[in-house]
Amino acid sequence: MPVYAKNSGAFLAIINLSETPCDGICDVLISSKAGEVLKKITNEIKTGGR
């Protein structure tokens, strides 16, 4: 699914501790625990970056 989306012009972000087969085609690669990163992103959105 990620390859199909990327080939159709989608922005692809991967958040994962280990390598994935799609790391080479993604636009953003964050090597971390997804739950921790998503909590930080959610907090930034809620607070407007303050």
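The values are calculated or read from the model by the stated rules, or taken from the named source; none is laboratory data. The shown structure was predicted, so the numbers you read here are calculated from the model rather than taken from an experiment. Every residue, glycine among them, receives a Cβ derived from its backbone with ideal geometry; neighbour counts consider all protein chains shown.
Some observations on this one:
- Some residue of segment 1-11 being over 13 Å from the mean Cα position of the chain (by Cα), of a type in the set (A, V, I, L, M) and part of a loop (DSSP other than H, G, I, E, B): yes
- Of the candidates 8, 18, 32, the single residue that is modelled with pLDDT of 95 or more and touching a strand residue (DSSP E or B) at 6+ places or on another chain (Cβ under 9 Å) is 32.
- Pairs meeting the criteria (first residue in segment 17-40 and within 18 Å of residue 7 (Cβ to Cβ), second residue surrounded by 10 or more Cβ atoms within 10 Å (Cβ to Cβ) and among the small types (Gly, Ala, Ser), beta carbons under 7 Å, at least 6 apart or on different chains) are 26/13; 27/13; 28/13.
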